[in-house]
1. What's the number of the condition Met218 fails, among (1) open to solvent by less than 20 Å² (accessible area, probe 1.4 Å); (2) within 24 Å of the chain's Cα centre (by Cα); (3) under 24 Å from Gly119 (Cα atoms)?
2. If Thr207 meets every condition in (1) touching a residue at least 60 places away in the same chain (Cβ under 8 Å); (2) over 19 Å from Ser109 (Cα atoms); (3) of a type in the set (S, T, N, Q) apart from one, which number is that one?
3. In segment 69-122, how many are part of a loop (DSSP other than H, G, I, E, B), of a type in the set (A, V, I, L, M) and open to solvent by 70 Å² or more (accessible area, probe 1.4 Å)?
4. Taking Gly199 as the residue in question, decide whether it is open to solvent by 20 Å² or more (accessible area, probe 1.4 Å), touching a helix residue (DSSP H, G or I) at 6+ places or on another chain (Cβ under 6 Å) and of a type in the set (Gly, Ala, Ser).
5. Of (1) at pLDDT 95 or above; (2) hydrophobic (A, V, I, L, M, F, W, C); (3) buried (at least 16 other Cβ atoms within 10 Å of the Cβ), Ala185 satisfies all except one. Which?
Amino acid sequence: MIGIQQQETRTCEIHGEYTSSLIAMRSLTHWSGCDKCAAIRDAERQEEELKQRILREINFRIEHSGIPPRFADRTFDNYDAQPGLQSEVLEFSKHYAANFAEYLKTGTSIMFLGLVGTGKTHLAVGILRAVIHGGNTGKYITVSRIMRDVKDTFHKHAELSESEVLERLIKTDLLVIDEIGVHRANEFEANTLFEVINGRYEALKPTLLLANLNLREMRESVGDRVFDRMRENGGRAFVMDWKSNRGSKS
């Protein structure tokens, strides 16, 4: 049993006088400390526990975001931007991530287009990581993976239905779709991609599209309906036509 055997007035160096109790538990006894100091320590402990829970949730979301291992360490800090358009795109990407709450209200989307090795995926992953660290949900996926996931639902014992696969892609706060236009889409693939992007457009969910194409080729690849939806509400398209960084750094 726990009981108070006696009490006396003591002085805390920070909070002054307080009542200390001699508490007995079985054969053990101890004097209680300053209740105000104890309350502060308890609040600090709760705050630290909350921080750790949030960190675990962020790490879980990052791990399940679909970011490829090759790009797992990509951030704005290790993106090597040269003066000019490349630096402007980096600064816009930082601003977009930092103000994602506002872009989420309008569903403002981005297209990163252009040459291979110019950092499209690096910047997209940097945005995605920052958005997740800011408390939102996000996912990276390729067009081919979307088609594979949808086609898997056609099997007799599929765990998910086609609508469930599409709903998961539509409801996440930020969706990065890579490898647009890698091969010519058939009618099924074009309609599936439209279903995803139109669903997100209607739900005001921002989308990032990545493609090794110029503006004309991008419009031809995704179609007018998708292209126009990506440009609404301040949507931006950046043609990244500077020299490739592959083979030198990252």
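1. Only one criterion in (1) open to solvent by less than 20 Å² (accessible area, probe 1.4 Å); (2) within 24 Å of the chain's Cα centre (by Cα); (3) under 24 Å from Gly119 (Cα atoms) is unmet by Met218, namely (2).
2. For Thr207, the exception is condition (2).
3. Our first condition is that a residue be part of a loop (DSSP other than H, G, I, E, B); within segment 69-122, this holds for 72-84, 99, 107-109, 115-119.
Remaining after also requiring of a type in the set (A, V, I, L, M): 72, 81, 115-116.
Next cut, open to solvent by 70 Å² or more (accessible area, probe 1.4 Å) only: 115-116.
Number of matching residues: 2.
4. It is false that Gly199 is open to solvent by 20 Å² or more (accessible area, probe 1.4 Å), touching a helix residue (DSSP H, G or I) at 6+ places or on another chain (Cβ under 6 Å) and of a type in the set (Gly, Ala, Ser).
5. Just one mismatch for Ala185, condition (1).
Let's see how each residue does on (1) under 26 Å from Ala130 (Cβ atoms); (2) of a type in the set (Gly, Ala, Ser):
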residue: Leu208; (1), (2): yes, no
residue: Met218; (1), (2): yes, no
residue: Arg225; (1), (2): no, no
residue: Gly234; (1), (2): yes, yes
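The values are calculated or read from the model by the stated rules, or taken from the named source; none is laboratory data. Just so you know, these numbers come straight off a predicted model, no measurement behind them. Using ideal geometry, Cβ is built from the backbone for each residue, glycine included, and neighbour counts are taken over all protein chains shown. Remember, those area values only see protein heavy atoms, side chains included, never the ligands or the DNA or RNA. Shrake-Rupley method; radii C 1.70, N 1.55, O 1.52, S 1.80 Å.
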